[in-house]
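Right, one structure below, let's go through it.
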């Protein structure tokens, strides 16, 4: 039985009560009261959906009753209609001012009473439905968040183990025959899948329902190698031959979201290998200029698989569907891959088409628009290496010949409150022969730019700093009023590179952001994007002035320090061992001061603590101390959310671990 809405009618005149009951009782459950005190008691005990309240009553007027109802937490949300025979004369205005929702005059007009009561009851019911929907949405959102967090953890844990253990094995000088090849494939697969997982589980994208492109400068040969290495493992024992064809030309570097390009290619190739039991799978690649700033990148994947029936061609792009389900019942997958690939291609100004002959094979063609970077093409030797699946070994041998442009006419300012980060930046910029000035606070940077000295080509600004943070500093710089302050290129340095942050930085006056820890590849891409192309001149990594350092090379060629991933740390500096050793020296000199700040922990200092532990997080990441960095990140998050007890429970252990790392690094440096 449907629950009826309830009304409380308050009037000291019995005849009025009886008349209103007669009008309204067929539709509503009725409560009554004859004086103000009784009305308040009845309202608190029965919590009616609507109150009809007379003004003139003994002892307490309707206005007084209304004021008390609105002052009570129990009854303030109950709508009240004033009923009176006094006419307007200010009474209606006074009632509405006190919170009444409507006014009914005596003598009663039955239709008016019914309609005005019905209108308010409809509003009450709609509000309740809305509140119920909000509660359901919040519950669903919490369930989704918990699910994603759990899945995120469950997937990342084994993936981290696979990648980390593989990297350790790759560091061995003389792995057994065949093992190196397998480890290369496992490592590439692990890292590629981790990138896909990061995108799929990115909570902000799920919340917004939108994919957000993150354009970077990337090498097409690296992209192709990663995709080929991952997908040829899908062949297994099947008599399938994989071929790579480069049609016409292939630009060496492009600008775009390489993660999504990989995802499109991976979906097309995995689909081809999945449905091809014997024969060939061929990947054809081509580039064509479109205007001055864009390149049309085209991929075609042709297989000799089972093909698709003509009537099923469009269904292959439907979400969660497989064409010819009966025939393909043994094939794994949800059918989401091709749908997602088409969406991503369309997002990048392209699309996906298919041609197929059932029982013979299929060709899926994808196009995407990418940014033009330079006319340099992938060499024929490089293409042959990719075709022969020998790219990785060749690339490893060439790693130490990384070429940087000569930007000797460029001057940059780096602002960061942690000295080691400034040391990292200085050494990285020195490879490009860039002149560097360093400051340790937003206030210093603002004062220097305000004074008009000197003019920098670029400013690299740390995000989280004590006092004036990077966002506030840049906001004030842009308001200085000079043409230079309004237009100078400013790049954010942040350890919180999450989805949505880029738009936040852009909206606050930055041109782009670099995520910490800084790496050679990330910095190189930013410099090439924001420094005038005409200023670029190739220069080898060994040419040009170097910062003054004490030469330091590990005696056994290894950086064996507990808590530091050697390969991860070196990768940030392009494999430059001497640079990495000097960064380690800077770390042990500077980090103790930062750690001491973490001892000043209380509810009043929790905000400052979050900033200080953020610095520790970034510093640890800059030397490959992944576990310490992730631990600091956890405490930073707890601090920002106000979880003082959670921070206090782990802060001492974090400090002990950090000081132990400092001691271990110091002991190792003594052997160098």
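Points worth noting:
- Within segment 467-503, the set of residues being modelled with pLDDT of 85 or more, under 17 Å from residue 617 (Cα atoms) and surrounded by fewer than 21 Cβ atoms within 10 Å (Cβ to Cβ) comprises 469 only.
- Boolean, residue 646 is outside any helix (DSSP H, G or I) and under 30 Å from the mean Cα position of the chain (by Cα): no
- Candidates 3, 70 - the one that is at pLDDT 90 or above and within 52 Å of the chain's Cα centre (by Cα): 70
- Residue pairs meeting the criteria (Cβ under 8 Å; at least 6 apart or on separate chains; first at pLDDT below 85, in segment 291-308; second buried (at least 19 other Cβ atoms within 10 Å of the Cβ) and part of a loop (DSSP other than H, G, I, E, B)): 308/323
- Residue tally, condition in contact with a helix residue (DSSP H, G or I) (Cβ under 6 Å, 6 or more places away or on another chain) and closer than 13 Å to residue 270 by Cβ, over segment 234-252: 2
- Where a residue in segment 459-473 is in contact (Cβ under 8 Å) with a residue 12 or more places away in the chain and on the phi > 0 side of the Ramachandran plot and its partner, wherever it lies, is surrounded by fewer than 21 Cβ atoms within 10 Å (Cβ to Cβ) and part of a loop (DSSP other than H, G, I, E, B), with Cβ under 7 Å and at least six apart: 467/441
- Qualifying residue in segment 219-226 (condition: surrounded by fewer than 19 Cβ atoms within 10 Å (Cβ to Cβ) and either touching a helix residue (DSSP H, G or I) at 6+ places or on another chain (Cβ under 6 Å) or assigned by TED's automatic domain parsing to the domain that holds residue 340 (or both)): yes
- The strands (runs of 3 or more DSSP E) located wholly in segment 1-106 that include 2 or more residues which are touching a residue at least 40 places away in the same chain (Cβ under 8 Å) and either over 22 Å from residue 126 (Cβ atoms) or in contact with a helix residue (DSSP H, G or I) (Cβ under 9 Å, 6 or more places away or on another chain) (or both) occupy 6-10, 50-54.
- Single residue of 609, 659 found to be over 30 Å from residue 429 (Cβ atoms), outside the structural domain of residue 517 (by TED's automatic domain parsing) and surrounded by 22 or more Cβ atoms within 10 Å (Cβ to Cβ): 609
The values are calculated or read from the model by the stated rules, or taken from the named source; none is laboratory data. None of the values given here were measured: they were computed from a predicted structure. Reconstructed Cβ throughout: ideal geometry from the backbone, glycine too, with neighbour counts over all protein chains shown.
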